[in-house]
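Novice: There's a structure below that I have some questions on.
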Amino acid sequence: MADSETRRKIPLVPENLLKKRKAYQAIKATQAKQALLEKRKFQKGKQLRFKPIEQFVNESKRKHRDEVRLRRMEKKPMSKTPVPEQQLAFVVRIHEVKGISLRVKRTICDLRIRQIYSGSFIKLNKSCLKMLRIVEPYVAWGYPNLKSVRELILKRGQAKINGKRVPLTDNTLVEEHLGKFGIICLEDLIHEISSAGKHFTEASNFLWPFKLSVARHAARNKQGFLKEMGKGGFRGEDINKLIRLLN
């Protein structure tokens, strides 16, 4: 019995060591509190950023080029762009838009491609073709096939419900919001988009703009990736290759 009591005896800690531990804990608690206060203070106010003069110059040049290009576009008659019978186009933003003309920026917002490498389906008409000409240097657009439409909706499709993104994981979600238009499942949604049907506008607005991903090799070889992306403008059927690259 005496042996067990001696084994259970807790070793004593020197008083000076206890004081050091207590002081260290108080210092750490004070530092943590100060860091939290600094973080809240930083979040309340905006961070002060300084733009280099080169950035101002580049943005000014880009804005001037846009204004000149838009003036020439108004004087020049619209070029003949072959429009297929399907009347469906997919537009992807492939360039940054810092410092661009206000008119170009508004058109990009109307096309719902506010973020780089985002895309959306549009139904071609005269007004849409004019909008695509306005944003031509910053986007790539063309005619997607049924395979591209299916892959985009099944892989990256998200619904826009009450201003929030909701993944398309169930047909009941489609039926609940598009059932009154005769669209009750994902296959109906894919058919309505690919055929640019009667209720294309409702189906397109139901979908959140597609956020595409940059290829994995882009981080290692940025110049090669940009060359592979190509310039902005009309791609025709080659837009399907770009969709495969970014999807």
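The values are calculated or read from the model by the stated rules, or taken from the named source; none is laboratory data. As the structure is a computational prediction, the values presented were derived from the model and not from experiment. A quick note on method: Cβ atoms are made from the backbone with ideal geometry, for glycine too, and the neighbour counts reach across all protein chains shown. Keep in mind that these areas ignore ligands, DNA and RNA; they rest on the heavy atoms of the full protein, side chains included. Shrake-Rupley method; radii C 1.70, N 1.55, O 1.52, S 1.80 Å.
Novice: Conditions first: (1) modelled with pLDDT of 90 or more; (2) over 20 Å from the mean Cα position of the chain (by Cα). G236 passes all but one, so which condition is the exception?
Specialist: (1)
Novice: Could I ask something else about it? Looking only at region 23-72, filter to residues that are more than 18 Å from Y138 (Cβ to Cβ) and either surrounded by 11 or more Cβ atoms within 10 Å (Cβ to Cβ) or in contact with a Gly (Cβ under 8 Å, 6 or more places away or on another chain) (or both); which one of those is modelled with the highest pLDDT?
Specialist: Among those that are more than 18 Å from Y138 (Cβ to Cβ) and either surrounded by 11 or more Cβ atoms within 10 Å (Cβ to Cβ) or in contact with a Gly (Cβ under 8 Å, 6 or more places away or on another chain) (or both), it is V57.
Novice: Being farther than 30 Å from S118 by Cα and at pLDDT 70 or above is the requirement here; does L18 meet it?
Specialist: So L18 passes the test.
Novice: Let me ask something else about it. Could you check region 133-154 and list, in sequence order, the residues that are small (G, A, S) and either part of a helix (DSSP H, G or I) or farther than 30 Å from N171 by Cα (or both)?
Specialist: Across region 133-154, the qualifying residues are A140, S148.
Novice: A further question on this structure: Which ones in region 99-132 are within 14 Å of A89 (Cα to Cα), outside any helix (DSSP H, G or I) and open to solvent by 20 Å² or more (accessible area, probe 1.4 Å)?
Specialist: If the condition is that a residue be within 14 Å of A89 (Cα to Cα), outside any helix (DSSP H, G or I) and open to solvent by 20 Å² or more (accessible area, probe 1.4 Å), then R112, K123, N125 are the ones that fit.
Novice: Tell me which residues, restricted to region 162-199, are touching a helix residue (DSSP H, G or I) at 6+ places or on another chain (Cβ under 7 Å), under 21 Å from K211 (Cβ atoms) and either of a type outside the set (A, V, I, L, M, F, W, C) or in contact (Cβ under 8 Å) with a residue 12 or more places away in the chain (or both).
Specialist: Passing the criteria: L168, V174, H177, L186, L189, I190, I193, S194.
Novice: Can I ask one more? Condition check: within 20 Å of C128 (Cα to Cα) and either modelled with pLDDT of 80 or more or under 26 Å from the mean Cα position of the chain (by Cα) (or both). Does R106 satisfy that?
Specialist: Taking the combined requirement at face value, the residue satisfies it.
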